[in-house]
Amino acid sequence: MAKFFLRKKIGDRVINGHPWIFGNELGDSQGEAEAGDIVEVYSSNGSFVGKGYINPASQIRIRLLTRDKSEVIDEGFFLKRIQEAWDYRQQIGYVENCRLIFGEADQLPALIIDKFNDYFVIQSLALGIEKWKVAIVKALQTIFKPKGIYERNDVPVRTLEGMEQIKGFLSEPFDTNIIINENGLKFHVDIENGQKTGYFLDQQDNRRAIQHIVRGSDVLEVFCYTGTFSLHAAHYGAKSVLGLDISENAVATARRNATLNGYDDVCKFEAVNAFDVLKQWVKDGKRYDTVILDPPAFTKSRENIDKAITGYKEINLRGMKLIKPGGFLVTASCTNLVPPDMFLDIIGKAAKDAKRTLRQVVWQTQASDHPILFNVPSTQYLKFLIVQVL
Ligand code: SAH
C-alpha cells in the first residue's frame, strides 16, 4: 500500500480529526497509487495518521476512512460502518426514515444514504467511495433486506472527481414513487425525479417545531417544495395555508400530498417565482399570521457568498413585512457557507430594515440523523429559526 506524508507545517486539522487532506498538504510519498486506491497517511515525523482513498484528480486528494492501522478496508469494513450508523440512528430514536449515512459524520466520507422505510437512496460523491458501491449495496441488502435501492448520482459535484452524473436502480427495478410517514402525516416521495434524494429528511424535527405557533392562523409557506411544512401547519390546526414554489412538479406533488392527508380545503399551492410575488404582495398589503421560508442554498461556493447573503436578506425582509404584528417568521438556511452567527446577523439586519422587533422562539439545526461532527465544521449546515415578529 502506498504511503503519503503530510507536510511539516500542515497537519493539525487532519491530526485533530478532519478526514480531508488537500493536495498542497502532502509532501513525500512512497509507492504508486491509482485513483480510488486505499493509501496510508503519515505525519511528517513518520507517525501513522490513517488510511483512506486517494484521487489525484481531486483537490481533496485523500479522504480518511479509518485511523486504526490494523483495520482492513474491505467489504466487511463497509458492512460494519453501515451497521454502526444504523445502530446509532436507532439509539437516538429513528425507526422508519432517516439519513442513514451522513458522509464524514459517519466516517464514510462522500457517501450519503437516505433510508425511506424499506427503500434506500445512495449518493457516492467521490471516486474512492464509488469504487465500493457494490460492497455498500451488499451491506444494505444484508442488514435491511430492502424493497429497493436507487442511486441519485445526478449531481454536479461528481464532475470534480472526474465522474459522470448518473441515476438508476442498484437493486431489482421497483416503483420509485413511494409514500413515507412523518410526524403522523403521509408524503409522496419521488425517488427518481424529486430534488436531491427525493425528500428533505433534515427538516423532519423542525417541521414539528411549528406545532404551537400555527393553530388557527393563516400561513404562507415560501419555497415549499412538496408542501411538507404546509401539511404540518394544517395538521397542527392552521386555518389556511398557501404554499409557493417555482417548480411545477413540486407544486403538483404538494397538491397530491394535501389530498393524501385530507387537507385539500386548507392547503393551496401555486407555482410562482417567490422573489416576484413577495415584492408585489408586500405592495398590495397582504398579511399573514405565519410566514415560513426555506429557500435553496443561493450559492455553492465561498466566492459567491455575497449572493447568498443578499438572497437571504431580501427574502427575509419581504417575509417579515408580510407578517401581522405578533405573528411568526419560520426561517431556514441550508448552506454550510453561511454559519449560524452570520445567518442571525442577516435576519437581524432584515428586521432593522423592516422596522420590526424579533423575539426568539426556536433556534436549532438539522435533525440529529445528520450528525454534526465538531472536528468537521461543514457537517453543521442547516439553520432553523422561529421568531415572533413584533
Ligand atoms: N421546505 C422544503 C424544502 C425546500 S428546498 C422541504 O422541507 O421539503 C427549496 C425549494 O425552493 C425548492 O423546492 C425549489 O424548487 C424552490 N425554489 C428555488 N427558487 C425559487 C424561487 N425563486 N421561487 C420559488 N421557489 C423557489
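The values are calculated or read from the model by the stated rules, or taken from the named source; none is laboratory data. The model shown is predicted, which means the values in this text are computed figures rather than measured ones. Neighbour counts are summed over all protein chains in view; Cβ atoms, including those assigned to glycine, are modelled from backbone coordinates with ideal geometry. Accessible surface is based on the protein model in full, side chains and every heavy atom, while ligands, DNA and RNA are left aside. Shrake-Rupley method; radii C 1.70, N 1.55, O 1.52, S 1.80 Å.
Just a few scattered comments:
- Label point distance in nm, Ile372-Asn177, each placed 7 Å from Cα along Cα→Cβ: 3.9 nm
- Solvent-accessible area per residue for region 178-389 (1.4 angstrom probe, square angstrom): 42 Å²
- Helix-only CD estimate at 222 nm, as mean residue ellipticity for the chain, using -39500 (n - 2.57) per DSSP H run (n ≥ 4): -8000 deg cm²/dmol
- In a fully extended conformation the segment linking Ile92 and Gln360 would gain 93.8 nm over its present Cα-Cα distance, using 0.36 nm per residue.
- Violating pairs (Cα-Cα greater than 32 angstrom) within the set Lys239/Lys313; Lys147/Lys313; Lys167/Lys300; Lys3/Lys147: Lys147/Lys313; Lys3/Lys147
- Centre separation in Å (Cα based) which lies between region 227-261 and region 168-224: 10 Å
- Relative to the longest principal axis of the Cα atoms of the chain, helix 340-354 runs at roughly 20 degrees.
- DSSP bridge orientation in the chain - percent antiparallel, rounded to nearest 5: 65 percent
- Additional length obtainable on full extension of the chain from Glu71 to Lys147, 0.36 nm per residue less Cα span: 24.2 nm
- Residues of region 62-88 with an amide N closer than 20 Å to a point placed 7 Å from the Cα of Lys131 along the Cα-to-Cβ direction: 62-82.
- Compactness of the chain, taken as the C-alpha radius of gyration over 2.2 N^0.38 Å, stands at 1.06.
- Antiparallel content of DSSP bridges confined to region 178-389, in %, to 5: 50 percent
- Surface analysis of region 1-153 yields an accessible area of 44 Å² per residue, using protein heavy atoms and a 1.4 Å probe.
- Expressed as a whole percent, the proportion of Cα-Cα pairs in region 178-389 lying more than 20 Å apart is 55%.
- Remark: region 290-307, residue by residue, has Karplus-estimated 3J(HN,Hα) of 9, 10, 10, 10, 10, x, x, 5, 6, 8, 10, 10, 4, 5, 9, 4, 4, 4 Hz, where x stands for each Gly or Pro and the curve is 6.51 cos²θ - 1.76 cosθ + 1.60 at θ = phi - 60°.
- Counting only Cβ charges, +1 for Lys and Arg and -1 for Asp and Glu, the dipole size of the chain around its Cα centre is about 1320 debye.
- In the chain, the longest principal axis of the Cα atoms and the axis of helix 248-260 are about 70 degrees apart.
- Diffusion coefficient of region 75-174 by Stokes-Einstein, Kirkwood radius over Cα pairs, 10 °C, 1.306 mPa s: 117 µm²/s.
- Apportionment of accessible area to carbon and sulfur, region 75-174, percent (1.4 Å): 54 percent
- Each peptide in 116-122, 190-196, 175-181, 378-384 gets a packing score, the mean of other Cβ atoms within 10 Å over its residues, and the list from highest to lowest is 116-122, 378-384, 190-196, 175-181.
- Gain upon complete extension [Asp284, Ile15; 0.36 nm per residue less C-alpha separation]: 91.1 nm
- Helix 133-144 and the longest principal axis of the C-alpha atoms of the chain enclose an angle of approximately 60°.
- Here region 266-354 has 52 percent of its accessible surface on carbon and sulfur atoms, given a 1.4 Å probe and all protein chains in place.
- Fraction of C-alpha pairs exceeding 19 angstrom in region 273-327: 33 percent, rounded to a whole number.
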